[in-house]
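Some notes on the structure that comes next.
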Amino acid sequence: MKNVTFTTRRTLSRRTFLKGTGVALALPWLDAMHAALAAELKTARAALAAKAPSATEDALATALKDAQANLANPLHAWAKLH
């Protein structure tokens with residue numbers, strides 16, 4: 001079956017036919033995976049929210065707060081550099 005002929009006398013290559021059927025079969029599966037992954041993502045986010053921050057995360061949060069404070073007062077940032 002190299003080419004498929006329809007009633008309109010147009011031919012469709014085997015490769016094009018297989019690509020189309022592959023997409024048609026994969027779309028419902030991908031839709032089902034979306035729901036499964038969304039539920040898994042929700043539980044992962046809840047687990048991360050419940051976790052206590054590590055020392056590195058605390059240090060980064062402190063550095064970010066300091067940087068934001070320095071941006072609010074540029075003279076203060078200049079005094080800390082020298």
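The values are calculated or read from the model by the stated rules, or taken from the named source; none is laboratory data. From a predicted model like this one, the values you see are computed outputs, not experimental measurements. Glycine also receives a Cβ, built like all others from the backbone with ideal geometry; neighbour counts cover every protein chain displayed.
Values for this structure:
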| read-out | value |
| --- | --- |
| Residue match in region 3-16 (condition: surrounded by 10 or more Cβ atoms within 10 Å (Cβ to Cβ), at pLDDT below 80 and assigned to a helix (DSSP H, G or I)) | no |
| Pair list, Cβ under 9 Å, 6 or more apart: region 36-55 residue loosely packed, with under 10 Cβ neighbours inside 10 Å, other residue assigned to a helix (DSSP H, G or I) | none |
